[in-house]
Structure formats: structure tokens, C-alpha cells
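Structure record follows, encoded as C-alpha cells.
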Amino acid sequence: MDEVNNSFEKNKHVIELINMCKSYQVGEMEVPILKSIDLSVKKGEFVAIMGPSGSGKSTLMNMIGCLDRPTCGQVIVMGKDINRLSEVELARLRGFEIGFVFQTFNLVPRLSALQNVELPTYANKKEGIGSARAKELIDLVGLQDRAGYKPTELSGGQQQRVAIARALINDPSLILADEPTGNLDSKTGNEIMNIFTDLHNRGRTIIMITHDPELTGYADRVVHLKDGVISAT
Ligand SMILES: Nc1ncnc2c1ncn2[C@@H]1O[C@H](COP(=O)(O)OP(=O)(O)OP(=O)(O)O)[C@@H](O)[C@H]1O
Ligand SMILES: [Mg+2]
């Protein structure tokens, strides 16, 4: 573990995937989804991930976000090999350091927009994060007049903006966003990209899945995924 931590301090790689693979068990069959992935992301980088539907982008994001463990190889997040972490340690790493914008939002239906944004702080509250922050983030994503609405009372794009605000509540050093503008019109999408650019300028690491080639212009680098294999970085 120390060796890995030292390598994080030296190289400042926030993410290192080493010969990583992921299969799913479907009935009797083991279906390979990600195949021998090698990918490093440096602290402060903005990386876009592109690839056809079903190529494994969300699966890759789940691995980077420590939501699942690899079938083979290593996933090293901020110098920590996730295979060596307990579930509690993994939950802390996710809660304090990683902001995840899910492709399907994953909002809690019975909570208001504002409460959904606050939710991560119920379990893990980072020092210096005050109670006003959720409201500030709701304003930042342009939902000041919808703070008390439940997810079912919001449009798809509004739910997506709640999901983005929630990912930012603990001021994470690593932001993982799965098609964060997929449900937004181009004006709102550009506003969200401006928020991401600002976070990037303030040294946050951002990994974003997108199918929109125009949005890759915001990134330092584009990673292409096809049939579970990275074809170019
Ligand atoms: N829990 C699971 N069990 C079995 N197979 C799964 C599971 N999750 C994903 N898959 C399969 O893995 C493949 C990749 O899925 P993934 O969601 O990563 O694709 P994607 O690149 O994000 O696609 P999209 O652009 O449509 O969101 C798909 O063929 C899918 O059927
Ligand atoms: Mg996906």
C-alpha cells in the first residue's frame, strides 16, 4: 500500500487502471465487458470518454468511481488499490473525494431537489461544507425556483441539473459525469460545461462521458472506447 501511495505522491495520477477487466455473470455465462484496460488520469486533467452505445463507458465509469470491483487487474484511485480497501473505506473515498453524476440521475423520489443535493452530506460531510452550500448549488444550476420540487415534478433536464449539483456538494477533487448534458438543450448544456470548466480551472479532475463531439473541445484529452477496449488516448 505504501508503495502505491508513494507513487501517487510522485506522479499525481488520480486514476490508474492496470490491465483491468470487468465481466458480468449472466445466468451460466461470464460476459466480458471491459478487456485489459490501461488508463492513467493525472491530477487536474479533464478527460472525455467517447464510444458507441454498449461499448462499456458506464461500466468503466463505475469502476473508476469505486462502485464496483474489477474482475481482473488493478483499479488505483488516489494511490489506493481499491481491491485492498474494505467496503467502509471505499464508501469514505467515494463520499469525500468523488462526485458522481449518474447517466440515469439516481435521485431519491421522496426528497425535494434541495434535499437530494444535501443527501451525500448526511453520510459524509466534508469539513468546511456549510448548510448554505446546497442552496448555492441549486442556484448555480439554475433551479432556484424548483428547490422544493420532488424529482417526479421536474423535467428530465431539471433532474439532471439536480444530479450535477448533488455531485458537487462535498467539493470533490474528482468529478465523474456520465453524459451530464444528455438531457439538456444546448444553452443549458453550455452553462453546465462552463461550471465544469470553472471546476477544471480550480484544479479539479474531471472525467466525462459524452456522445457529443463538440463537448470534447472542453477536455484536455479524449479516450475512445470500442467493444470494451480503449482504441486511442
Ligand atoms: N449489471 C450488468 N449485468 C450484465 N450485463 C451488463 C450489466 N451492466 C452492463 N451490462 C452490459 O455491458 C455492456 C456495456 O454497458 P454500458 O452501460 O457500460 O454501456 P455504455 O457504453 O455506457 O452504453 P450507453 O452509451 O448506451 O450508455 C452492455 O452490453 C450491457 O448489456
Ligand atoms: Mg452508459
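The values are calculated or read from the model by the stated rules, or taken from the named source; none is laboratory data. What you see is a predicted model, and the numbers here were worked out from it, not measured in a lab. Here Cβ is always computed from backbone atoms with ideal geometry, including for glycine, and neighbour counts include all displayed protein chains.
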When you scan the stretch 190-233 for strands (runs of 3 or more DSSP E) that lie fully inside it, which ones turn up with 2 or more residues that are surrounded by 15 or more Cβ atoms within 10 Å (Cβ to Cβ) and in contact (Cβ under 8 Å) with a residue 12 or more places away in the chain?
205-209, 221-226
Taking the stated definitions as given, is Thr181 part of a helix (DSSP H, G or I) and either surrounded by fewer than 20 Cβ atoms within 10 Å (Cβ to Cβ) or hydroxyl-bearing (Ser, Thr, Tyr) (or both)?
no
Would the stretch 159-169 turn up any residue that is in contact (Cβ under 8 Å) with a residue 60 or more places away in the chain and part of a loop (DSSP other than H, G, I, E, B)?
yes
Boolean, Leu67 is modelled with pLDDT under 95 and more than 21 Å from Gly203 (Cβ to Cβ):
yes
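Within the stretch 90-125, can you find the residues that are in a loop (DSSP other than H, G, I, E, B) and touching a Phe, Trp or Tyr at 6+ places or on another chain (Cβ under 6 Å)?
Asn124
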Please go through the stretch 112-138 and pick out each residue that is more than 16 Å from Lys150 (Cβ to Cβ), touching a residue at least 24 places away in the same chain (Cβ under 8 Å) and surrounded by 13 or more Cβ atoms within 10 Å (Cβ to Cβ).
Pro120, Thr121, Asn124, Lys125, Lys126, Ile129, Arg133, Leu137
Counting only residues that are surrounded by 15 or more Cβ atoms within 10 Å (Cβ to Cβ) and over 21 Å from the mean Cα position of the chain (by Cα), the stretch 144-161 contains a total of 5
Failed criterion for Tyr149 (all others in (1) at pLDDT 95 or above; (2) part of a helix (DSSP H, G or I) hold):
(2)
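Conditions tested, residue by residue: (1) within 22 Å of Arg94 (Cα to Cα); (2) within 16 Å of ligand 2 (Cβ to nearest atom).
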position: Asp139; (1), (2): no, no
position: Gly148; (1), (2): no, no
position: Gln160; (1), (2): yes, yes
position: Ile175; (1), (2): yes, no
position: Pro180; (1), (2): yes, yes
position: Thr188; (1), (2): no, no
position: Asn194; (1), (2): no, no
position: Leu199; (1), (2): yes, no
position: Pro213; (1), (2): no, no
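Take the residues in the stretch 68-89 that are surrounded by 17 or more Cβ atoms within 10 Å (Cβ to Cβ) and without any contact (Cβ under 8 Å) to a residue 40 or more places away in the chain, then tell me which one is farthest from the chain's Cα centre (by Cα).
Ranking the candidates gives Leu85 first.
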Hey, any hits in the stretch 52-67 for a residue that's at negative phi, touching a helix residue (DSSP H, G or I) at 6+ places or on another chain (Cβ under 9 Å) and surrounded by fewer than 21 Cβ atoms within 10 Å (Cβ to Cβ)?
yes
